[in-house]
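A short worksheet on the structure shown next.
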Amino acid sequence: MTTLKEFEEALREQGMQMALAVLERLRQRDRAKRTIAPARRVTGRKMTPELARRILELHGSTTMTQQEIAFELGVNQGRVNEVIKRGKWLSGDPAAPEAKARDRALDRARDGRGTVPRARREPSKLAEPRQKRQTRQLSLGDF
C-alpha cells in the first residue's frame, strides 16, 4: 500500500497535472472542513434535573446519538448515558448518590490539592486489611 505522498510523486513523474490539480482541490476541501468543524469537547455544564429532562427529550424525539446530544447540550457523553440508561439526575434530591459525588468533587476542587483531607475520607469498603506475612530469614546453618 502506498502513501498519499508516494502517490502524488508518482503522478508528478508521469506528468499527470490534471490528477494533481484534483488532488490539490480535495486537500483544500478537507482543510476547509477541518477548520469549520467545532471542537470535540466543550466546557461542561452543571448537570441539573432540567438538563436531564432535556437529554431524555432529545433522545426520545430525535435520532441523535449520545455523543451528538452531549455536544449539543455541552455535557459529557458519559453523563448523557447515565441519564438515559439509569435515570440519574432526574430528581433534585441532594441526598441522591450523584449529588453527593458532585459535592465531594467540588470539595476536593476547593481544597486545591485535588485530594480529600484524611479526616473527611470515607472508610474503605474492602474487607479487613491483609495480615502481613511473617518471613523467616535463612542462615547458613539451615542448609
For the pair R12 and Q28, how long in nm is the line joining their label points, each one 7 Å along Cα→Cβ?
1.9 nm
Tell me, T62, T3 in order of fewest to most beta-carbon neighbours within 10 Å?
T3, T62
When V22, V83, V75 are ranked with the fewest other C-beta atoms within 10 Å first, the list becomes V22, V75, V83
Separation in nanometres of the label points that stand 7 Å from Cα toward Cβ, at L90 and L4:
4.6 nm
The set of residues whose placed amide H lies less than 5 Å from the amide H of K88, leaving out same-chain residues fewer than 5 positions away, is V83
Taking only the alpha-carbon positions of the stretch 49-115 as identical scatterers, the Debye log10 I(q)/I(0) at q = 0.15, 0.16, 0.27 Å⁻¹ comes out as -0.53, -0.59, -1.11
Mind sorting E50, E13 by how few other Cβ atoms lie within 10 Å of their own Cβ, fewest first?
E13, E50
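Bear in mind that the values in this text are calculations on the coordinates, not laboratory data. Keep in mind that what you see is a predicted model, and the values were worked out from it rather than measured. So basically every Cβ, Gly included, is an ideal-geometry build from the backbone, and we count neighbours across all protein chains shown.
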